[in-house]
Amino acid sequence: MLRGFALAVIQIEGLHKEYRRLRGGSTLALAGLDLEVPEGGVFGFLGPNGAGKTTTIRCLLGLVRPSRGRMRLMGADLPAELPSVIRRVGSIVETPAFFPRFSGRRNLRLLARLHGVGRPAVDSVLERVGLADRADDVVKDYSLGMKQRLGIAAALLGDPEVLILDEPANGLDPAGIVEVRELLRSLGAEGRSVFVSSHILSEVQQIADRVAILSRGVCVTAGLVGEVLSAGRATGLIVRLGDLPAGMRALADAGIGASLDGDALRVSLPASEAESVTRVLADRGLYLSELRPEEVDLETVFLELTADEPRAPA
Amino acid sequence: MKALLLVETRRVIARRLVKGLVILALAGIALAGIIAAATSHRPSPDVVAAAERQAADNLRECLAGHSVAPQDLPPNVTLDEFCRENIRTEFYYSSNQLNIRDLPNWIQGASFILFVGALVVGASFVGAEWHAGTMTTLLTWEPRRLRVLAAKAVACVAVVFLLAAGLEVVLSLALALVAKTRGITSGLPSGWFRSVVGTIARVGAAAAAASALGLALAMIGRNAAAAMGVSFGYLAIVEGLIRGLKPQWQPWLFGDNLNAFILGGGSLPGGRSVGGAALVLGVYLGVLLFVAAVSFRVRDVN
């Protein structure tokens, strides 16, 4: 399944993770995940709750031991070689946890010391995530959004080449979400590889170059955002004109399927065949006020791809 | 590893629980000093004169062999040495004087409180990390779990040893001050100072062992309260039952060896030495830390 990007920062092949329950039985969180994340840019890792996003990230960071499968991070076999690359990776796993009675700055200084990162870097990342003013407050007084920003600051501390962020916009207010979006976009533009899991699809659609959609422990689609969108529901055309019923009749007579969609017609033809629509309608003296391809957003594709999937056996 | 150790040491020292327990201990020492000062009075010249007379009479009796039969003398001790060691003027004062000679006993008396405090510190140091989720954050920075455990254990044990020994030194100084001003400081036996230093070191080491015990159990159970519950339950109930039902196992129990270690040996049947008791305690802690390390290494962090 590895498609062989020239430079892949994350390569996952046949990853399985089965959680055994104390009272017997088990839960299959990952059911043979294949994934390849190329170097540079923002990679959106999408999936509904319980799809296995966090488990995948935990496997990558050595927190959870996979039942089977192979993983490589920046060329290092995981988990055995993780220590050799961990300094080049910044991460957030779910809601970042810090020592609640230490200030944000002190928490970061402790982490920075682990990797020999200096104090100026701490101040710099606090500034970058907009926490400089509250950096000396104790973390227990932070809102969820501030903790999330502190988590992003911690992830950025070592100036990492790869960022693995699990739902980084969790708990942020709309303004915060926009800030994080801009931050992730700029990090990707700097040449870093940003691997971001999220269920806020509109956010990911705006920042990601590539996405993968995970459902019930397997990757159901992956690729450039445009490719994934086009893999969704068959695209059509939206047509606006003065006399909708006449337009429908004209199209039906020409063997082109069309249906009413609010104050417009939805025509079941791909954008490449828009010309035939204009010709048929013009021949009947019907002139268009609007003709555009039907927009399919990531949410539509996501819902389509993740619906009715058989649950992986427990 | 050095950076990790330094960070963990800073974390132990910065914990509110540790600071709170140290303040509580210092307050306890101050209170003990005040009570000792209030109840201890330097003997009056009349009391000293009466005690000297009494001591002289008893020493004569003893040297004449009327107090102890030759076969009852400890090995390698002459009758003269025995009598002069055991019959001293200060023994015949009233009991209202703090005698600096008893300092090792005072230090040993405080060891139980230090043991409990150290157990709580060790258990909560790791248990709180699991509870708050900061263990996950730490492991995303340092994925080598054995290093993490080793750094935590070394930092915790070292800080607890230094704090416990330091508190015992403060206690000793406080009581020495009371003895100097309102009690008795004369007639110290040879080797007294060494005995005090040795007792402080052993109590410090016992506290450090308690912190390692708490830390290992909290790492296994990923919970501070469970670690403390298991520790107290085992030491108070399980070992208590074993002592009653299988007294021959007593030399191998944690609590008895801890007691022997703090007292300087000899308290167990067969007269187990300090080194022997330390070895038994070391085996207990070694096994627990090994189980904690294996558990930490193989279990998922969710």
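Here is a check on your reading of the model: is B:A55 free of Cβ contacts under 8 Å to residues at least 12 places away in the same chain and not aromatic (F, W, Y)? It would help to see each step written out before you state the result.
Working: free of Cβ contacts under 8 Å to residues at least 12 places away in the same chain: no; not aromatic (F, W, Y): yes.
Taking the combined requirement at face value, the residue does not satisfy it.
Filter segment B:162-191 down to the residues that are in a helix (DSSP H, G or I), in contact (Cβ under 8 Å) with a residue 12 or more places away in the chain and loosely packed, with under 14 Cβ neighbours inside 10 Å and list them by number. So that I can check it myself, show each step before the final result.
Step one: filter segment B:162-191 for residues in a helix (DSSP H, G or I), giving B:162-182.
Narrowing the set further to residues that are in contact (Cβ under 8 Å) with a residue 12 or more places away in the chain leaves B:162-165, B:167-172, B:174-182.
Across segment B:162-191, the qualifying residues are B:K180, B:T181.
Name the residue, out of A:R279, A:R266, A:R210, that is within 30 Å of A:E182 (Cα to Cα) and either out of contact with any strand residue (DSSP E or B) (no Cβ under 8 Å at 6 or more places or on another chain) or not β-branched (V, I, T) (or both). Talk me through it step by step, then tell me what you get.
On the way: A:R279 fails: within 30 Å of A:E182 (Cα to Cα); A:R266 fails: within 30 Å of A:E182 (Cα to Cα).
On inspection, the qualifying residue turns out to be A:R210.
Among the residues of segment A:269-289, which ones are farther than 16 Å from A:M248 by Cβ, in contact with a Leu (Cβ under 9 Å, 6 or more places away or on another chain) and not hydrophobic (A, V, I, L, M, F, W, C)?
Selection gives A:P270, A:E273.
A:P38 - would you say it is over 23 Å from B:N302 (Cβ atoms) and at pLDDT 90 or above? Can you show your working first?
Numbers: over 23 Å from B:N302 (Cβ atoms): yes; at pLDDT 90 or above: yes.
Judged against the criteria, A:P38 is a match.
Which one of these does A:G47 not meet: (1) away from every other protein chain (no Cβ under 14 Å); (2) farther than 19 Å from B:N302 by Cβ; (3) surrounded by 24 or more Cβ atoms within 10 Å (Cβ to Cβ)?
(2)
Considering only segment A:88-106, how many residues are within 9 Å of chain B (Cβ to nearest Cβ) and within 16 Å of A:G158 (Cα to Cα)? Working first, answer last.
Of the residues in segment A:88-106, the ones within 9 Å of chain B (Cβ to nearest Cβ) are A:89-102, A:106.
From the residues that got through so far, the ones that are within 16 Å of A:G158 (Cα to Cα) too are A:89-92, A:106.
Qualifying residue count, segment A:88-106: 5.
When you scan segment A:50-119 for strands (runs of 3 or more DSSP E) that lie fully inside it, which ones turn up with 1 or more residues that are of a type outside the set (A, V, I, L, M, F, W, C), surrounded by fewer than 19 Cβ atoms within 10 Å (Cβ to Cβ) and under 22 Å from the mean Cα position of the chain (by Cα)?
Details: elements: A:68-73, A:76-78, A:89-92.
Hits in segment A:50-119: A:68-73.
Could you tell me which numbered condition A:A29 fails, if it satisfies all but one of (1) within 12 Å of chain B (Cβ to nearest Cβ); (2) under 22 Å from A:V85 (Cα atoms); (3) hydrophobic (A, V, I, L, M, F, W, C)?
In the conditions (1) within 12 Å of chain B (Cβ to nearest Cβ); (2) under 22 Å from A:V85 (Cα atoms); (3) hydrophobic (A, V, I, L, M, F, W, C), A:A29 misses (2) alone.
Going residue by residue through segment A:120-134, is there one that turns out to be within 25 Å of A:R149 (Cα to Cα), at the interface with another protein chain (Cβ under 10 Å from one of its Cβ atoms), without any contact (Cβ under 8 Å) to a residue 12 or more places away in the chain and not in a strand (DSSP E or B)?
Initial filter on segment A:120-134 (within 25 Å of A:R149 (Cα to Cα)): A:120-134.
If we keep only those that are at the interface with another protein chain (Cβ under 10 Å from one of its Cβ atoms) as well, we get none.
Checking segment A:120-134: not a single residue is within 25 Å of A:R149 (Cα to Cα), at the interface with another protein chain (Cβ under 10 Å from one of its Cβ atoms), without any contact (Cβ under 8 Å) to a residue 12 or more places away in the chain and not in a strand (DSSP E or B).
Kindly provide the set of residues from segment B:198-234 that are under 20 Å from B:G276 (Cβ atoms) and either over 16 Å from the mean Cα position of the chain (by Cα) or hydroxyl-bearing (S, T, Y) (or both), ordered by number.
B:T199
Going by what's in this entry, would B:R10 be described as within 14 Å of another protein chain (Cβ to nearest Cβ) and without any contact (Cβ under 8 Å) to a residue 60 or more places away in the chain?
Working: within 14 Å of another protein chain (Cβ to nearest Cβ): yes; without any contact (Cβ under 8 Å) to a residue 60 or more places away in the chain: yes.
Taking the combined requirement at face value, the residue satisfies it.
Okay, residues lined up against (1) within 14 Å of another protein chain (Cβ to nearest Cβ); (2) in contact (Cβ under 8 Å) with a residue 60 or more places away in the chain; (3) within 16 Å of the chain's Cα centre (by Cα); (4) closer than 23 Å to A:R101 by Cβ:
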{"site": "A:K147", "(1), (2), (3), (4)": "yes, no, no, yes"}
{"site": "A:G151", "(1), (2), (3), (4)": "yes, no, no, yes"}
{"site": "A:G158", "(1), (2), (3), (4)": "yes, yes, no, no"}
{"site": "A:L165", "(1), (2), (3), (4)": "yes, yes, yes, no"}
{"site": "A:L187", "(1), (2), (3), (4)": "no, yes, yes, no"}
{"site": "A:G191", "(1), (2), (3), (4)": "no, yes, no, no"}
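Provide a single number: the residues in segment B:134-161 that are aliphatic (A, V, I, L, M) and either within 13 Å of chain A (Cβ to nearest Cβ) or surrounded by fewer than 20 Cβ atoms within 10 Å (Cβ to Cβ) (or both).
Number of matching residues: 10.
Inside segment A:287-303, can you point out the residues that are modelled with pLDDT under 90 and part of a loop (DSSP other than H, G, I, E, B)?
Passing the criteria: A:E294, A:E295, A:V296, A:D297.
Would you say B:V77 is of a type in the set (V, I, T) and in a helix (DSSP H, G or I)?
Details: of a type in the set (V, I, T): yes; in a helix (DSSP H, G or I): no.
No; evaluated as a whole, the condition is false for this residue.
Which residue is nearest to the chain's Cα centre (by Cα), if the candidates are limited to segment B:121-133 and must be surrounded by fewer than 21 Cβ atoms within 10 Å (Cβ to Cβ) and part of a helix (DSSP H, G or I)? Can you show your working first?
Of all residues in segment B:121-133, those surrounded by fewer than 21 Cβ atoms within 10 Å (Cβ to Cβ) come to B:128, B:130-133.
Next, from what is left, pick out any that are part of a helix (DSSP H, G or I): B:128, B:130-132.
Working: B:A128: 25, B:W130: 29, B:H131: 29, B:A132: 31 Å.
Out of the qualifying residues, it is B:A128.
From A:I238, A:I207, grab the single residue that is touching an Asp or Glu at 6+ places or on another chain (Cβ under 6 Å), among the aliphatic types (A, V, I, L, M), surrounded by 15 or more Cβ atoms within 10 Å (Cβ to Cβ) and touching a residue at least 12 places away in the same chain (Cβ under 8 Å). First the steps, then the outcome.
Values: A:I207 fails: touching an Asp or Glu at 6+ places or on another chain (Cβ under 6 Å).
Answer to the selection: A:I238.
Any residue at all in segment B:118-125 that's at pLDDT 90 or above, in contact with a Cys (Cβ under 8 Å, 6 or more places away or on another chain), within 14 Å of another protein chain (Cβ to nearest Cβ) and within 30 Å of A:S84 (Cα to Cα)?
Initial filter on segment B:118-125 (at pLDDT 90 or above): B:118-125.
Restricting the remaining residues to those that are in contact with a Cys (Cβ under 8 Å, 6 or more places away or on another chain) gives B:121-122, B:125.
Filter again for within 14 Å of another protein chain (Cβ to nearest Cβ), leaving B:125.
Subsequent filtering for residues that are within 30 Å of A:S84 (Cα to Cα) retains B:125.
Yes.
In segment A:67-80, what residues are more than 17 Å from A:E39 (Cβ to Cβ), more than 10 Å from every other protein chain (Cβ to nearest Cβ) and out of contact with any Asp or Glu (no Cβ under 7 Å at 6 or more places or on another chain)?
A:R68, A:D77, A:A80
Given the conditions (1) at pLDDT 90 or above; (2) loosely packed, with under 12 Cβ neighbours inside 10 Å; (3) within 14 Å of chain A (Cβ to nearest Cβ), which single one is not true for B:L5?
Of the numbered conditions (1) at pLDDT 90 or above; (2) loosely packed, with under 12 Cβ neighbours inside 10 Å; (3) within 14 Å of chain A (Cβ to nearest Cβ), the odd one out for B:L5 is (2).
The values are calculated or read from the model by the stated rules, or taken from the named source; none is laboratory data. This is a predicted model, so every value here is computed, not measured. Neighbour counts are summed over all protein chains in view; Cβ atoms, including those assigned to glycine, are modelled from backbone coordinates with ideal geometry.
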